[in-house]
Amino acid sequence: MNHSTPRTLSQKIRDTHLVTDTPGGAALVAIDRVFLHERTGASALKSMAAAGRKVRDPSRVFCVMDHIVDTRPGRGDQTLMPGGQDFITETRAAALAAGITLIDVNDPDQGITHVISTELGIVLPGMNLVAPDSHTCTQGAVGAAAWGIGSSEAEHAMATGVLRLEPARTMRVTFSGTLAPGVTAKDMALALIARHGAGGGAGHIVEFAGEAVRALDMEARMTLCNMATEFAAVTAIIAPDETTFAWLAGRRYAPAHFDDPYWRELHSDEGAVFDREIAIDAGAIAPMVTWGTSPEHAIAIDGVVPQGPPGAHAYIGLEPGQTLLGTPVDAAFIGSCTNARLSDLRRAAALLKGRQIAPSIRKALVVPGSSAIKRAAEAEGLDQVFTAAGFEWRESGCSLCFYAGGEGFPPGSRTISSTNRNFEGRQGPGIRTHIASPETVAASAIAGMIADPREIAA
Amino acid sequence: MTPFTVLASTAVPLLRDNIDTDTIIPSREMKTTGRTGLAAGLFAPWRYSDAAARVPDPSFALNQPQAHGAQILLGGANFGCGSSREHAVWALAEHGIRCVIAESFAPIFRGNCLRNGLLPLILPGDTIATLAWQPVVVDLAAQTVKAGDAVHGFAIEPEPKEMLLGGLDAIDLTLKALPAIDAWTQADRLARPWVYPEGPR
Ligand code: SF4
């Protein structure tokens, strides 16, 4: 193949994985890793077994319990979700039968798929990783092509080692400048989606670039990539650099060093052409909060609610022209694959230290993204800060990022949440979700209403 | 899989943008690890005034008498966004829907449709609006949508078209290329040894 033409990073990764073209215009593209969880994993493994198909290379398939598993202390297989235990026991049985690597409920490595995949170095720069979960895009932060698929595609990848793929279009989103104090990767993601729409990235692999992206630490890069699916993108990717290599080196499944010249080629070439380019001045971004029922309904925290779809206003109970600041909240959630890493917990704890959440807050949870993060946070005493402030401190998992029918927020709650989706009913029937950064969640929990973290920090 | 050739049905309009898979089938309606028993939970938040008691909301499009037995659903932009849950497509299929016509689709949802014999068809928004409650004929081989005298063409890549027309199973098709996959993997083991762990811990 002639590689003298400048290529984007995602094109390079596709070329590396190209097994063969198909007559229909797609290609068979090798998949290096498949990651399953108990919400969709048992379905895929059971349906494969029923069809008499085997996992081709079990050593490259991983499975964790994160979605249904309880997060209350002392947990086992029991969950509050009716029938939830079956997902856990059936996934365990199917994973053991298939011979894949299972990270079980109380395994020290347990955590949310997209948090532990990077933490353990299961995903590495230049790899293709798929998982039957839309937030697999998070893992693109290490410079991998990692994307969400459905259960049938997961079966395909496990049974054959490849997927049949049409080439995706490419988009580069360049964040120039420097983030203002108190503004985070979460605000970058929300600002992008607010400006270009929840369908704005449709059909594209988005590469995040620019000095404001380079300046982000690895955990913040994961937060930024996490919400690519809320932008309808196929996935997101950030070219690996010294920050990436230093962060990954020596992790359980990662090489001890990244000296091989291969790793240094993992970037878009000078002059590579993207199908679309978007430029954003990072310095102009304010802390963002959503007012409605789509992630595109995000505004600067001190802005006013614009005119949106009538259904969104009706569900959320806010009219055009109202301010978000001062809107009373009943519940607060710090967790999810977006914002439950150690740095997120540290920033929230810094605001909560020596303070109390408002008495009007009826439920406040902190759910670490992984068991390792939980242990690290406890070693620093962060759990004490959270519990002293009035938050519950939980075992790791997806928890109330989504509502599975078990534990929920008090009926009718307005929730300030560090998660990624504010869809109707996402956190429970009738629950109204406002998505924000962990520091905005912490500040709002203290105030009992949506509050600007920059005011508290001052 | 049932081949998709020509489909004639009333087109039921749900003309909103960003219809997400949490709405198509809420997580709490996914009660087992199976792929069936999902139709009753389809659009539960909109279809029922009381979802737990299954009290239908008569104003919801799919509850209208004309929607009975309809196989075509109309949507807006970014249809099927959100969670990757294939249950959204399984629930639609179990309800009898075989084609969703929308301005655009979320990528995972679109892939899930194609793997389950359901046609995700893209048309401009103003064209879609004219199809609401009309008898519509979708011809996949000809790549046309007909309603009355109007004929609208649509685009689809050759491979998904062939798979839908033939009701083909993608895994069976791919397994025919196993020798090529094996050869590629052997070479890759040398080129990128870090991809291949020693085995499960
Ligand atoms: S934390 Fe939320 S968004 Fe992330 S994988 Fe779990 S349920 Fe999905």
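The values are calculated or read from the model by the stated rules, or taken from the named source; none is laboratory data. Bear in mind that the values here come from a model prediction, so they are computed numbers and not experimental data. Counting neighbours? That spans all protein chains shown, and the Cβs are built from the backbone with ideal geometry, glycine included.
Considering each of B:Ile101, B:Ile97 in turn, give the residue that is of a type in the set (Val, Ile, Thr) and assigned to a loop (DSSP other than H, G, I, E, B).
On the way: B:Ile101 fails: assigned to a loop (DSSP other than H, G, I, E, B).
Unique residue meeting the criteria: B:Ile97.
Sort out for me the strands (runs of 3 or more DSSP E) sitting completely within the range A:90-189 that have 1 or more residues that are over 18 Å from A:Ser59 (Cα atoms) and facing chain B (nearest Cβ under 9 Å). Reasoning before the result, please.
Details: elements: A:101-103, A:128-131, A:145-148, A:162-165, A:169-176.
Ranges flagged: A:145-148, A:162-165.
For the range B:72-91, does any single residue satisfy the condition of being away from the ligand (no atom under 16 Å from the Cβ), in the same structural domain as B:Glu159 (by TED's automatic domain parsing), among the hydroxyl-bearing types (Ser, Thr, Tyr) and farther than 26 Å from B:Asp172 by Cβ?
No: zero hits.
Select the strands (runs of 3 or more DSSP E) contained entirely in the range A:14-58, then report the ones holding at least 2 residues which are within 16 Å of the ligand (Cβ to nearest atom). Before you say what the answer is, go through the steps one by one.
Working: elements: A:18-21, A:27-30, A:33-37.
Correct list: A:33-37.
Looking at A:Val273, is it touching a strand residue (DSSP E or B) at 6+ places or on another chain (Cβ under 9 Å) and more than 24 Å from A:His204 (Cα to Cα)?
Details: touching a strand residue (DSSP E or B) at 6+ places or on another chain (Cβ under 9 Å): yes; more than 24 Å from A:His204 (Cα to Cα): no.
No: the conditions fail for A:Val273.
Looking at A:Glu277 and the list (1) part of a helix (DSSP H, G or I); (2) surrounded by fewer than 20 Cβ atoms within 10 Å (Cβ to Cβ), which single condition is not satisfied?
Looking at each condition in turn, A:Glu277 falls short on (1).
Among the residues of the range A:371-384, are any surrounded by 24 or more Cβ atoms within 10 Å (Cβ to Cβ), within 16 Å of the ligand (Cβ to nearest atom) and among the hydroxyl-bearing types (Ser, Thr, Tyr)?
No: the range A:371-384 contains no residue that is surrounded by 24 or more Cβ atoms within 10 Å (Cβ to Cβ), within 16 Å of the ligand (Cβ to nearest atom) and among the hydroxyl-bearing types (Ser, Thr, Tyr).
Let me spell it out: the conditions are (1) more than 15 Å from A:Leu45 (Cβ to Cβ); (2) within 14 Å of the ligand (Cβ to nearest atom), and A:Val162 meets all of them except one. Which number is the exception?
Checking A:Val162 against (1) more than 15 Å from A:Leu45 (Cβ to Cβ); (2) within 14 Å of the ligand (Cβ to nearest atom), the one that fails is (2).
From B:Leu92, B:Leu114, B:Leu123, which residue is touching a residue at least 60 places away in the same chain (Cβ under 8 Å) and more than 8 Å from every other protein chain (Cβ to nearest Cβ)? It would help to see each step written out before you state the result.
Values: B:Leu114 fails: touching a residue at least 60 places away in the same chain (Cβ under 8 Å); B:Leu123 fails: touching a residue at least 60 places away in the same chain (Cβ under 8 Å).
Unique residue meeting the criteria: B:Leu92.
If only one of A:Arg432, A:Arg454 is more than 17 Å from the chain's Cα centre (by Cα), surrounded by fewer than 22 Cβ atoms within 10 Å (Cβ to Cβ) and more than 16 Å from the ligand (Cβ to nearest atom), which one is it?
Working: A:Arg432 fails: surrounded by fewer than 22 Cβ atoms within 10 Å (Cβ to Cβ).
Testing whether each residue is more than 17 Å from the chain's Cα centre (by Cα), surrounded by fewer than 22 Cβ atoms within 10 Å (Cβ to Cβ) and more than 16 Å from the ligand (Cβ to nearest atom) leaves just A:Arg454.
Given (1) away from the ligand (no atom under 16 Å from the Cβ); (2) within 14 Å of chain B (Cβ to nearest Cβ), identify the lone condition not met by A:Cys398.
That leaves (1) as the condition not met.
Give B:Gly37, B:Gly41 a once-over and let me know the one that is more than 9 Å from chain A (Cβ to nearest Cβ), surrounded by 14 or more Cβ atoms within 10 Å (Cβ to Cβ) and out of contact with any helix residue (DSSP H, G or I) (no Cβ under 7 Å at 6 or more places or on another chain). Please lay out each step first, then the result.
Working: B:Gly41 fails: out of contact with any helix residue (DSSP H, G or I) (no Cβ under 7 Å at 6 or more places or on another chain).
The match here is B:Gly37.
Which one of these is surrounded by fewer than 17 Cβ atoms within 10 Å (Cβ to Cβ), among the charged types (D, E, K, R) and in the same structural domain as A:Ala97 (by TED's automatic domain parsing): A:Arg72, A:Arg39, A:Arg60, A:Arg56?
Working: A:Arg39 fails: surrounded by fewer than 17 Cβ atoms within 10 Å (Cβ to Cβ); A:Arg60 fails: surrounded by fewer than 17 Cβ atoms within 10 Å (Cβ to Cβ); A:Arg56 fails: surrounded by fewer than 17 Cβ atoms within 10 Å (Cβ to Cβ).
Step by step, each of A:Arg72, A:Arg39, A:Arg60, A:Arg56 is checked, and only A:Arg72 is surrounded by fewer than 17 Cβ atoms within 10 Å (Cβ to Cβ), among the charged types (D, E, K, R) and in the same structural domain as A:Ala97 (by TED's automatic domain parsing).
Exactly one of (1) closer than 24 Å to A:Gly203 by Cβ; (2) within 16 Å of the ligand (Cβ to nearest atom); (3) surrounded by fewer than 24 Cβ atoms within 10 Å (Cβ to Cβ) is unmet by A:Gln110. Its number?
The failed condition is (1).
Out of the residues in the range A:61-89 that are of a type in the set (Asp, Glu) and part of a loop (DSSP other than H, G, I, E, B), state the one that is nearest to the ligand (Cβ to nearest atom). Lay out the reasoning, then the answer.
Within the range A:61-89, the first condition is being of a type in the set (Asp, Glu), and the residues that meet it are A:66, A:70, A:77, A:86.
Applying the additional criterion that residues be part of a loop (DSSP other than H, G, I, E, B) yields A:66, A:70, A:77.
Working: A:Asp66: 6, A:Asp70: 14, A:Asp77: 18 Å.
Of everything passing the filter in the range A:61-89, A:Asp66 is nearest to the ligand (Cβ to nearest atom).
So which of A:Arg341, A:Arg355, A:Arg362 is within 16 Å of the ligand (Cβ to nearest atom) and either of a type in the set (S, T, N, Q) or at pLDDT 95 or above (or both)? So that I can check it myself, show each step before the final result.
On the way: A:Arg355 fails: within 16 Å of the ligand (Cβ to nearest atom); A:Arg362 fails: within 16 Å of the ligand (Cβ to nearest atom).
None of the other options fit; the residue is A:Arg341.
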